[in-house]
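S.K.: Structure below; questions to follow.
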Amino acid sequence: MTTKLDPMDLYDIRSELAEDEVMVKDSVGRFVDDKVIPLMREAFERHEFPQHLVGEVAQLGLLGCSLEGYDCAGLNSVSYGLICQELERGDSGLRSFVSVQSSLVMFPIHAYGSEEQKQRWLPAMARGEAIGSFGLTESHGGSDPSNMKTHAKRDGDDWILNGSKMWITNATIADVAVVWAKTDDGVLGFLVEKDMPGFETQEIKNKFSLRASVTGALFFDNVRIPQANVLPGVSSLKGPLSCLTQARYGITWGVIGAAQACLNEAINYSQDRVLFGRPLANTQAIQIRLADMSRRITMAQLLSLRLGRLKDKGEMSPTQVSLAKWNNCRAALDIARDARDILGGAGITAEYVPIRHMLNLESVITYEGTETVHQLVVGMELTGVNAFGS
Ligand code: TGC
Ligand code: FAD
């Protein structure tokens, strides 16, 4: 063998990227190496989201980066994917923050909001001065949002909102929550502001996953919402589900970063660790396991790049996103678990990254549609039969 390949990029995906995409990847990569990785272990251990990073993330233009106008960067979808990949190489919690702000809050305001709503929220959110959350899931069954109980009734020019949402990223730090509720006019998106009377939030404090991210519940007790805070452009489940397609796309890239961090740690550790008179990396069994991680990462990279190019041409289908979300999350979680094992006892400590990524990925494979949900979406495409219901 003559050429030396990049262990994190065996198929030289980098050479498929445009110059501006490489610049985005490298600048976010430097930020993650310098500012994110050094503090994530402690943030995870302390169960704290490093909120002071929000300003720097905003300065880099990463919030709402693929939206046009309103102080957003207007980058293409591949660049957004690369940003997610680099951020999640640091920690899934920071990528989650950017996903929610960009794909689940700024995207619906941009796609379905009034001009006044866009002017009010998008520039402030791009600058990181306002934080958003997205309330779709309810405690009685997140996979089936059509069964939502949260509802709003008209009262003159206002709406009265009642119900609750569970497992909401950024719940207690958000200035505005995009809340999806049933109404006589269909499923509508409400911009619920943090100080509206009757609106309460509560953090979930005992997580063993995504500890460096804020997760919580939202409660609505007769919250009065003016008509001006209702997204006028959508009135069905298509609203929230279209946001999920944006966020799931980013996740397909993000988890590659987590997997790369684990593979990198497993390579380094197995080269240093001497057992039975030779480095672990010199054994056939370990090399096969490392090679298998690399195979899975390479397949995930190729899937996401193809998906991104389709998205940029306006040709990406939700089923294709489901296949990649399922494949890439499964690959990353399996890689993280295997890397943890290659590190032996050391692998259970936060001194090394695999266990943190492994625990985070248990959430990532669950949120934005569980693995089963995405398998059934693909199954429905193949058979034409909806196997979700009874
Ligand atoms: P269904 O009847 O199939 O569709 C209703 C309407 O929505 C349209 N649609 C989509 N549009 C865009 N993208 C998609 N992926 C879409 N899927 C469906 C559809 O065309 C239809 O439009 P219209 O015009 O006819 O009204 O709806 P269903 O309820 O039967 O859907 C089934 C299912 C299981 C696929 C869906 O309910 C589902 O995806 N469930 C999973 C729920 C989920 O993923 N929740 C995520 C919550 S948010 C979150 O986890 C954030 S974590 C963020 C972080 O921290 O990073
Ligand atoms: P359930 O829907 O109860 O699923 C339980 C099990 O049943 C799963 O294994 C599932 O795959 C399986 N299952 C479901 N349907 C079927 C079927 N038809 N056949 C066979 N098996 C099935 N939601 C938001 O709205 N906003 C957020 O910001 C947000 N952030 C989150 C952050 C974290 C850290 C977590 C963990 C979750 C977050 N969620 C958020 C919620 C997330 O989207 C849900 O957890 C997810 O959709 C699954 O819902 P559930 O937890 O109620 O599980």
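The values are calculated or read from the model by the stated rules, or taken from the named source; none is laboratory data. Not measured: the values here are computed from a predicted model. In this analysis, Cβ positions are derived from the backbone assuming ideal geometry, glycine residues included, and neighbour counts consider all displayed protein chains. These area figures cover heavy atoms from the full protein model, side chains too; ligands, DNA and RNA do not enter into them. Shrake-Rupley method; radii C 1.70, N 1.55, O 1.52, S 1.80 Å.
S.K.: Explain nothing, just compute: Karplus ³J(HN,Hα) = 6.51 cos²θ - 1.76 cosθ + 1.60, θ = phi - 60°, for every residue of segment 209-226 in order, whole Hz, x for Gly and Pro.
M.R.: Ordered by residue, 3J(HN,Hα) equals 9, 6, 6, 8, 9, 8, 10, x, 10, 10, 10, 10, 10, 6, 6, 8, 10, x Hz.
S.K.: Where in the chain is the longest stretch that carries no chymotrypsin sites (Phe, Trp or Tyr not before Pro) classed as loop by DSSP and with at most 16 other Cβ atoms within 10 Å?
M.R.: With chymotrypsin sites (Phe, Trp or Tyr not before Pro) excluded where exposed in loops, the chain gives 12-207 as its longest stretch.
S.K.: Quote the relative contact order of segment 238-383 in percent (integer), defining contacts as alpha-carbon pairs under 8 Å separated by 6+ residues.
M.R.: Relative contact order of segment 238-383: 32 percent.
S.K.: Right, next: Quote to one decimal, in nm, the extra length available between Glu45 and Lys207 on full extension: 0.36 nm per residue of separation minus the C-alpha distance between them. Spell out each step's value before the answer.
M.R.: Values: separation 162, 0.36 × 162 = 58.32 nm, distance 1.10 nm.
So the extension gain works out to 57.2 nm.
S.K.: Relative contact order for the chain using alpha-carbon pairs under 8 Å, separation at least 6, rounded to a whole percent?
M.R.: Values: 707 pairs, mean separation 69.4, N = 390.
Averaging sequence separation for qualifying contacts and normalising by length gives 18 percent for the chain.
S.K.: Give me the number: length gained by fully extending Gln227 to Leu241, i.e. 0.36 nm times residue separation minus the C-alpha to C-alpha distance, one decimal in nm.
M.R.: 2.8 nm
S.K.: Given a 10 angstrom Cα cut-off, can you work out which residue in Pro50, Pro145, Pro197 is the most mobile in a GNM of the chain?
M.R.: Sorting by GNM fluctuation, first place goes to Pro197.
S.K.: If you count, for each residue, the other Cβ atoms within 10 Å and average over each peptide, how do 100-108, 377-385, 236-244 line up from highest to lowest?
M.R.: Descending packing order for the listed peptides: 100-108, 236-244, 377-385.
S.K.: Which angle from 0 to 90°, rounded to the nearest 10, does the C-alpha axis of helix 371-383 make with the longest principal axis of the chain?
M.R.: Here the helix axis deviates by roughly 80 degrees.
S.K.: Can you give me the long-range amide H partners of Ile204? Hydrogens built in the peptide plane at 1.01 Å from N, cutoff under 5 Å, separation of 5 or more residues or another chain.
M.R.: Thr215, Gly216, Ala217
S.K.: Another question, then. GNM on the chain, C-alpha springs below 10 Å: top fluctuator among Gly135, Gly163, Gly90?
M.R.: Highest fluctuation among the options: Gly163.
S.K.: May I pose another question? Calculate how steeply helix 354-364 sits against the longest principal axis of the alpha-carbon atoms of the chain, using the helix alpha-carbon long axis, and give the answer as 0 to 90 degrees to the nearest 10.
M.R.: The helix 354-364 is inclined about 30 degrees to the chain.
S.K.: Based on the Cβ-Cβ distance from Ser139 to Glu56, what FRET efficiency comes out when R0 is 45 Å, to the nearest 0.05?
M.R.: Computed FRET efficiency for Ser139 and Glu56: 0.85.
S.K.: Out of residues 5 or more away from Gly64 or on other chains, whose amide H comes under 5 Å of its own, with H placed 1.01 Å from N in the peptide plane?
M.R.: It is Ser102, by chain and number.
S.K.: Estimate the FRET efficiency between Met23 and Ala111 by the formula 1/(1 + (r/R0)^6), using the beta-carbon distance for r and 25 Å for R0, to the nearest 0.05.
M.R.: 0.35
S.K.: Separate question: Taking H as built 1.01 Å from N, whose amide H comes closer than 5 Å to the amide H of Trp159, not counting residues under 5 places away?
M.R.: Ile225, Gln227
S.K.: Order the following by accessible area, largest value first: Leu290, Leu5, Leu323. Probe radius 1.4 Å; ligands, DNA and RNA are ignored. If you can, show how the numbers build up before the last one.
M.R.: On the way: Leu290 25, Leu5 90, Leu323 70 Å².
The most accessible residue leads, giving Leu5, Leu323, Leu290.
S.K.: So what are the ³J(HN,Hα) numbers for segment 270-281, from phi and the Karplus equation (6.51, -1.76, 1.60; θ = phi - 60°), rounded to whole Hz, Gly and Pro as x?
M.R.: 6, 6, 8, 7, 9, 9, 6, x, 8, x, 3, 5
S.K.: Can you compute 3J(HN,Hα) from phi for each residue in segment 102-113, using the Karplus curve 6.51 cos²θ - 1.76 cosθ + 1.60 with θ = phi - 60°, rounded to whole Hz and x for Gly and Pro?
M.R.: Each residue's phi maps through the Karplus curve to give 7, 8, 9, 10, 5, 4, x, 5, 5, 7, 10, x Hz.
S.K.: Under a point spin-label approximation (7 Å from Cα along Cα-to-Cβ), what is the Val378-Arg309 distance to one decimal in nm?
M.R.: Computed distance between label sites Val378 and Arg309 equals 2.0 nm.
S.K.: Out of His140, His47, His357, any idea which swings most in a Gaussian network model of the chain, alpha carbons joined below 10 Å?
M.R.: His140
S.K.: Given Cα pairs under 8 Å that are at least 6 residues apart, what percent is the relative contact order of segment 13-126?
M.R.: Worked out over segment 13-126, it gives 30 percent.
S.K.: Using alpha carbons only, how many degrees (0 to 90, rounded to 10) separate the axis of helix 115-126 from the longest principal axis of the chain?
M.R.: 30 degrees
S.K.: Over segment 238-383, with every protein chain in place, what whole percent of the accessible area is carbon and sulfur at 1.4 Å, could you tell me?
M.R.: Numbers: 3410 of 6140 Å².
Here it works out to 56 percent.
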